[in-house]
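A short worksheet on the structure shown next.
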Amino acid sequence: MTIYGVAFLAFCFLVGKILGNFLGDVLGFNGDIGGVGFAMIILILGHSYLQRNDMIEAPSTAGIMFWSNMYIPVIIAMAATQNVHAALSGGWVALLAGLTATAAGFYLVPVLSKIGRAPTNLNA
């Protein structure tokens, strides 16, 4: 059921946020470091664990899959917006680092899209 997906997603987000804030405190930063990433990892590992041990039914899996698919674009877009604000207020070095990472990501899309694809036969 979709409601279990919402509950599981909320749990993963809260745990990820707590871990990200804790990591920020440990490293001496005032903020969340990697909370969204932690939440995504917890969501993936938790769902895999529940499926592997037959602790979840098909309707619940459908709900979790729906919300995990919604989670990635929505939460990452929210985090990206925060990162843009931080980069613009952080100076030229932060902005240059962000632009370099974005350009590298665009450059690697064709390379990464070839991974796992069957080779095409050019002689046919």
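Every number in this text was worked out from the coordinates using simple rules, so none of it is lab data. Every value quoted in this text rests on a predicted model; they were computed, and no experiment measured them.
Structure above, values below:
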item: For segment 44-54, Karplus couplings with θ = phi - 60° (6.51, -1.76, 1.60), whole Hz, Gly/Pro x; result: 5, 5, x, 5, 4, 4, 5, 5, 4, 9, 6
item: Table column - 3J(HN,Hα) (Hz), segment 26-42, Karplus curve with 6.51, -1.76, 1.60, x for Gly and Pro; result: 5, 8, x, 9, 9, x, 8, 10, x, x, 5, x, 4, 4, 5, 5, 4
item: From phi via Karplus (6.51, -1.76, 1.60), per-residue ³J(HN,Hα) for segment 93-108 in Hz, x at Gly/Pro; result: 5, 5, 5, 5, 4, x, 5, 5, 5, 5, 4, 5, x, 5, 5, 7
